Amino acid sequence: MSTHADPAEPIRSLTVLPAHREDVELHTADGLTLVGELALPVDEAGAPVPPVATLVTLHPLPTHGGYMDSHVYRKAAWRLPALAGLAVLRFNTRGTSSPRGTSDGAFDGGDGERFDVHAAIELAEFRDLPRRWLVGWSFGTELALMHGRDPSVEGAILLSPPLHRATDADLDAWAAFGKPLLVLVPELDDYLRPDEARRRFARVPQAQVVGVDGAKHLWVGETAVRRVLDEIVARVAPGHPLPLPTTWDGPSTTAATGRDTTEDDA
């Protein structure tokens with residue numbers, strides 16, 4: 001990574017803003033070790049400070065390119081600790097690899113991953129991270145709906161939910177759970193588009209379905225990513241000024257060029 005501190009530098013696709021980033025391990029009830037990273041906000045001296053809220057992220061389908069570095073989550077971890085004071089926990093579900101490493105186990109189609117979701121929530125609890133929100137993307141939305149009804153979470157934010165594995169019974173269970181759902185649905189999604197999403201999620205009274213004009217399932221491009229991050233911050237940190245800044249006048253780094261899309265078919 002290269003470092004710079006020029007005034008009002010644009011926040012670009014590979015810009016990494018200040019945070020305390022640490023590798024973490026998650027331990028599941030069925031005996032697996034999962035690899036991840038926790039990014040925390042810092043003060044001007046670079047020391048970690050308490051976050052205002054916490055994102056526990058659940059990545060897209062690992063058999064089609066989804067992992068903890070899927071670009072929306074990578075940018076959330078690179079930006080939101082500095083821009084909004086949020087903690088961002090990313091991890092690889094069972095059998096998933098990324099530059100951080102490979103989690104134990106093998107992909108289980110969303111069943112055994114229940115233990116992965118629970119382990120992530122438990123790590124956030126153990127670290128006393130406040131106001132924990134699940135953020136699922138594609139396959140990750142299925143994990144949130146099926147396995148994320150933990151009383152310690154504030155609610156869930158769903159990006160591009162396909163509703164392939166999650167059933168009406170899961171939606172009914174979330175309705176009974178009572179915690180809020182924010183559902184961001186791309187206008188041009190490959191699997192579930194806004195009108196159908198509103199129909200499907202109507203059985204969850206506390207769900208808010210937001211159609212995003214021009215967006216696609218993978219949220220490719222800075223316009224789409226910024227909309228997602230603004231929507232997340234609006235929900236988990238009410239009152240925080242929005243839209244989030246698109247420039248930064250403090251120290252930052254530039255990540256090495258890497259894959260910037262998730263080749264996910266849900």
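The values are calculated or read from the model by the stated rules, or taken from the named source; none is laboratory data. Everything numeric here is computed off the predicted structure, so don't read it as measured data. Every residue, glycine among them, receives a Cβ derived from its backbone with ideal geometry; neighbour counts consider all protein chains shown. Surface areas here come from the heavy atoms of the whole protein model, side chains and all, with no ligands, DNA or RNA. Shrake-Rupley method; radii C 1.70, N 1.55, O 1.52, S 1.80 Å.
Of note:
- DSSP beta bridges confined to the chain are antiparallel in about 45 percent of cases.
- Residue with peak Gaussian network fluctuation, the chain [Cα springs, cutoff 10 Å], from H118, H27, H64: H64
- Carbon/sulfur fraction of accessible area - region 37-137, other protein chains in place, 1.4 Å, %: 51 percent
- Computed with a 1.4 Å probe over protein heavy atoms only, the accessible area of V42 comes to about 40 Å².
- Comparing I232, I11, I157 in a Gaussian network model of the chain (Cα springs below 10 Å), the most mobile by mean-square fluctuation is I11.
- Nearest 10 degrees, 0 to 90: helix 71-84 Cα axis against the chain principal axis: 60 degrees
- Over all directions, the projected convex hull of the C-alpha atoms in region 63-184 averages 7.5 nm² in area.
- Other-chain or far-sequence residues with amide H under 5 Å of V24's (modelled H): G36, E37, L38
- Measuring nothing but how far apart in sequence close Cα pairs (under 8 Å, 6+ apart) lie, relative to its length, the chain scores a relative contact order of 24 percent.
- Shown is the FRET efficiency for A8 and R193, computed with R0 = 41 Å from the Cβ-Cβ distance and rounded to the nearest 0.05: 0.60.
- 12 Å reach of a label modelled at T63, 7 Å along Cα-to-Cβ, counting backbone N of region 101-127: 107-111
- Using the Cα coordinates of region 126-266, the gyration tensor eigenvalues translate into equivalent-ellipsoid semi-axes of 26, 20, 15 Å, sorted from longest to shortest.
- Under the Karplus curve 6.51 cos²θ - 1.76 cosθ + 1.60, θ = phi - 60°, whole-Hz ³J(HN,Hα) for region 8-15, x wherever Gly or Pro sits: 6, 6, x, 7, 9, 4, 9, 6
- C-alpha center-to-center spacing [region 194-235, region 88-107] in angstrom: 26 Å
- Phi angles across region 215-230 convert, under the Karplus curve 6.51 cos²θ - 1.76 cosθ + 1.60 with θ = phi - 60°, into 3J(HN,Hα) values of 7, 10, 3, 8, 6, 6, x, 4, 4, 5, 4, 5, 4, 4, 5, 4 Hz, Gly and Pro given as x.
- Those GluC sites (Glu not before Pro) in region 96-188 that DSSP places in a loop and that have at most 16 other beta carbons within 10 Å: E187
- With Rh defined as the Kirkwood radius, the inverse of the mean 1/r over Cα pairs, the Rg/Rh of region 56-119 is 0.99.
- Radius of gyration and maximum dimension Dmax of the chain, Cα, Å: 17.2, 52
- In plain terms, the chain from T246 to A47 could stretch by 69.2 nm, reckoned as 0.36 nm per residue minus the Cα-Cα distance.
- Accessible area (Å², per residue) of region 82-218, counting only protein heavy atoms and a probe of 1.4 Å: 37 Å²
- Restricting attention to region 64-182, close to 20% of DSSP beta bridges with both partner residues there are antiparallel.
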